[in-house]
Amino acid sequence: MILEEFQELGLSERTLEALAAKGFETPSPIQRLAIPVMLENRNDIIAQAQTGTGKTAAFGLPIVERLVPEKKSVQALILTPTRELAIQVNDEIQSFRKNDLRVTPIYGGAAMNEQLRRLKSGVDIVVGTPGRILDHLRRETLSLARLKWIVLDEADEMLDMGFIDDVDEILSHAPDERRIFLFSATMPDRISGLAKKYMRDVEVLRVETKQVTTDLTDQIYFEVRESDKFDALTRIVDVENDFYGIIFCRTKVAVDQLVNNLLERGYAAEGLHGDVSQAQREKILRKFKKRQSTILVATDVAARGIDVTNLTHVINYSLPQDPESYVHRIGRTGRAGREGTAITFISPAENRQFLFMQRRVKADIRKETLPTGHDIVEMKKLKIKSELAEIVEEESYAHYDGIARELLAELDPEVALAALMRLAFKNELDESSYPEIRRIDVDRRGTARLFIGLGKADGYRPKMIVELLSRECGIPQQKIDDVKCLEDFSFATIPFRDAEAAMKKLNSLRELANDDRPLVKLAKESEKKSDRNPNGVSDRGRNFRPGQGSVSASDRAGRRGGGRQRTAPKRDYKRRER
Ligand code: ADP
Ligand code: MG
C-alpha cells in the first residue's frame, strides 16, 4: 500500500485514491499533526507551518473525509485573504473528492449572478474572501445555519489585511457548535487574541520553522553596497542559465524603480505591489506562470499567496522586516522536491538586522562572492554558442543566406563574424563593461560608531580617546577602531554590544561635560559613510577588516567615475529607498 502513511492518519480508501491521482506520497509534517486531530470531532485548532507545506490539504482532507454531501446548505466555509487563494484552495479541495462534492469559490470582483446561481443550486463547501461572503450573508443568499467547520486560512494575512471585523460578523452567522480551524504561516501575537475571542478547547499544532526552511533551498548572501545592488542583481541574472525568480523589495516605490531599471536594461521584468489592480495582477501572474516574464519584483504583501512553483531563485533585494518574512519569502523556492537558491543582499546598514535574522531563522546562510565580469562574459559566450547551434540545427537562417555570401566575398570570415557579433552584442562580451563591484567586508561582530563631544580644542588626541574609552568603559584597546579627532568633537568605532553601556558611562561623567547636552551619542548615518561624505570620516574601521588595507574615499569616487554611467532614475531610487 503506497499511501500507507496517509492511511494511518485515518483517511479512507476513497480519499487515498484521490491522493494517489494527485501524486501525493507521504503527508507533510503539518498534515501529520492536523489530520488526526481534525478527524476526531473535538477541538478547535490553531495550526502553524511555513508557506508551501501543504496546509490546504491539512485542513481540506479531514473536512472532505468527514463531510456527508447534501448539496443543500453549506457545511464548511473556508475564508482566505485573497481571491487567488480562494481559487487555489477551491481547486485543491475539489481535487480531493471529485464526484459527489460541491465546492465553490466566492470572491469579490467576480460576477454576482454566477455565484448566486451556484449558491442557490446548493453547495457543500464555500471557499471565499471575507468581504464577498459577508455580502451574501447580508443579502441572505448564503446561509451558515448548518455550518460545521470554519477555516481561517492564512490567518496572519487576514489580520494584516484588516479582515478582523468581517470575520467577526461572519462568525456571528454560524451556529454555536461550529468548529474553527485557524491555519497560518506565522503566529503574530494578535492571533491569540483572535483565538481567545472565538475559539474553544484550542489545540495548538506547530511545525517548527527550522524544520521547514527546506533543505532544498540553498541559502546564500552577498555583502554589497546599496548603490551596487542593481549591478549585482543583473550579474546574477546574467550568469544563470534559466533565471526564474521573485525579487523582494520593501516598498512600492522600490519595486517600480527596480522594474524600470530592469526594463531599461532589457530584462523581462514585471512588478507587483499594493497599487497594482486586481485585473493587472492576474495578468502579470499569468505571464509569469507561463514564463513570458521571468523576473517578478514584488513587495512582501503583494507576493502573498502567489502559488508559483519551480522558481530557480528568490532574491532579497532588501532584507525582509522580520525573520518570519524571510522564511516566508524563501519558502517559495525549493518546493516540491526541486532545488532553488535564496539570495540575500546585505548592505553595511543591514548587517545588524541580518545577524539577528540569521540567528532567529537558525539557517545556514553562506557567504558568496559576486560573479566577476569574466564569469559573465564566459557564461554569455556559452549561451551564444548553444543558441547558434540551435539555429544551425533548425536551419532557421534562410533570410540571411544572401547577405552572408556578400559579406564573405568582401571580408575575411573571422573579421566578418566578429564584426557581426559586435553589432549584435554591443559591449556585452567585453569584460571591462562590467565594472568591479567593490567588495566590502562587514565586521561580523557588528560595531557602533560613537560621536564624542570632545575634540582637539579640548586638548584631545586619538590616543587619548582610546584611553578614555578603555579606562572608563572597560573596552579593550584593540577593539577600539578608527578614531578621528576633529576640532570640537571626535568619532570612534567600538563593538556594538558595548555601545550602550559606554554611552551611559561617559555621559554620567560630570567632570567631562561642558553643558547639558549628552557628551556621547551614536554617530549619524552620514557620519559613518565616507563615500557619501568624502570630506568626512573614513569608514575604514567599519567596513574593512584591520590590516586588510582599504581604499580611500577619493579612490573609490574615482573608480566609480570610470565605471558605467549611472542613470538618473537609479540615483533617484537610492535616495528614495533610504
Ligand atoms: P501552504 O498552504 O502551506 O502554503 P499549499 O497547501 O498551498 O501550502 O501546498 C503547496 C503545494 O504542495 C501544493 O501544490 C500542494 O498540492 C502540494 N502538496 C501538499 N501536500 C503535499 C504532499 N503531502 N505531497 C506532495 N505535494 C503536496
Ligand atoms: Mg495556504
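Being within 23 Å of MET158 (Cβ to Cβ) and polar (S, T, N, Q) is the filter; apply it to region 93-116 and report the residue that is most open to solvent (accessible area, probe 1.4 Å).
Here the residue is GLN94.
Select from region 122-140 the residues that are outside any helix (DSSP H, G or I) and open to solvent by 70 Å² or more (accessible area, probe 1.4 Å) and list them in ascending order. Steps first, answer last, please.
We begin by selecting, within region 122-140, every residue outside any helix (DSSP H, G or I); these are 122-129, 140.
The answer is GLU140, and nothing else.
Of the residues LEU423, LEU429, which single one is within 30 Å of LYS383 (Cα to Cα), crowded, with 16+ Cβ neighbours inside 10 Å and either in contact (Cβ under 8 Å) with a residue 24 or more places away in the chain or not aromatic (Phe, Trp, Tyr) (or both)?
Numbers: LEU423 fails: crowded, with 16+ Cβ neighbours inside 10 Å.
Just a single option satisfies the conditions, and that option is LEU429.
In the list LEU147, LEU119, which residue meets the criterion of being more than 16 Å from ligand 2 (Cβ to nearest atom), open to solvent by less than 50 Å² (accessible area, probe 1.4 Å), touching a residue at least 12 places away in the same chain (Cβ under 8 Å) and part of a helix (DSSP H, G or I)?
Values: LEU147 fails: part of a helix (DSSP H, G or I).
Going through LEU147, LEU119 in turn, the sole match is LEU119.
With respect to the numbered conditions (1) among the acidic types (Asp, Glu); (2) in contact with a strand residue (DSSP E or B) (Cβ under 9 Å, 6 or more places away or on another chain); (3) over 28 Å from ALA145 (Cβ atoms), which one is the sole condition not fulfilled by ASP91?
All conditions are met except number (3).
So the check is Cβ under 7 Å with 6+ separation or different chains; which pairs have a first residue in region 225-254 that's over 19 Å from GLY271 (Cα atoms) and assigned to a loop (DSSP other than H, G, I, E, B) and a second one that's of a type outside the set (Ser, Thr, Tyr) and open to solvent by 10 Å² or more (accessible area, probe 1.4 Å)?
ARG225/ARG438
How many residues are exposed (fewer than 10 other Cβ atoms within 10 Å of the Cβ) and part of a helix (DSSP H, G or I) when one looks only at region 389-404?
The first filter runs over region 389-404 and keeps only residues exposed (fewer than 10 other Cβ atoms within 10 Å of the Cβ), leaving 393-395, 398-399, 401-402.
With the extra rule that they be part of a helix (DSSP H, G or I), the set shrinks to 393-394, 398-399, 401-402.
Of the residues in that region, 6 qualify.
Looking at region 1-92, what helices (runs of 4 or more DSSP H) fall wholly within it and have at least 2 residues that are within 15 Å of ligand 1 (Cβ to nearest atom) and surrounded by fewer than 22 Cβ atoms within 10 Å (Cβ to Cβ)? It would help to see each step written out before you state the result.
Values: elements: 4-8, 13-22, 29-39, 55-66.
Where helices (runs of 4 or more DSSP H) fall fully within region 1-92 and carry at least 2 residues being within 15 Å of ligand 1 (Cβ to nearest atom) and surrounded by fewer than 22 Cβ atoms within 10 Å (Cβ to Cβ), they are 4-8, 13-22, 29-39.
For region 268-311, name all the residues that are open to solvent by 50 Å² or more (accessible area, probe 1.4 Å) and part of a helix (DSSP H, G or I).
GLN278, ALA279, GLN280, LYS283, ARG286, LYS287, LYS289, VAL301
Taking region 150-176, which residues are assigned to a helix (DSSP H, G or I), closer than 20 Å to PRO188 by Cβ and away from ligand 1 (no atom under 16 Å from the Cβ)?
As a first pass, look at region 150-176 and keep what is assigned to a helix (DSSP H, G or I): 155-160, 164-172.
Subset that is closer than 20 Å to PRO188 by Cβ: 155-160, 164-168, 171.
Within region 150-176, LEU159, ILE164, ASP165, ASP166, VAL167, ASP168, LEU171 meet the criteria.
So, in region 312-321, of the ones that are surrounded by 16 or more Cβ atoms within 10 Å (Cβ to Cβ), part of a loop (DSSP other than H, G, I, E, B) and of a type outside the set (A, V, I, L, M, F, W, C), which residue ends up modelled with the highest pLDDT?
Step one: filter region 312-321 for residues surrounded by 16 or more Cβ atoms within 10 Å (Cβ to Cβ), giving 312-320.
Narrowing the set further to residues that are part of a loop (DSSP other than H, G, I, E, B) leaves 312, 317-320.
Checking the rest, the ones that are also of a type outside the set (A, V, I, L, M, F, W, C) come to 312, 317-318, 320.
Working: THR312: 89, TYR317: 96, SER318: 92, PRO320: 86.
Among those residues, the one meeting the criterion is TYR317.
The values are calculated or read from the model by the stated rules, or taken from the named source; none is laboratory data. Worth saying up front: this structure is predicted, and the values here are computed from it rather than measured. All Cβ positions, even for glycine, are placed from backbone atoms using ideal geometry, and neighbour counts span all protein chains on display. Only protein heavy atoms, including side chains, enter the accessible area calculation; ligands, DNA and RNA are left aside. Shrake-Rupley method; radii C 1.70, N 1.55, O 1.52, S 1.80 Å.
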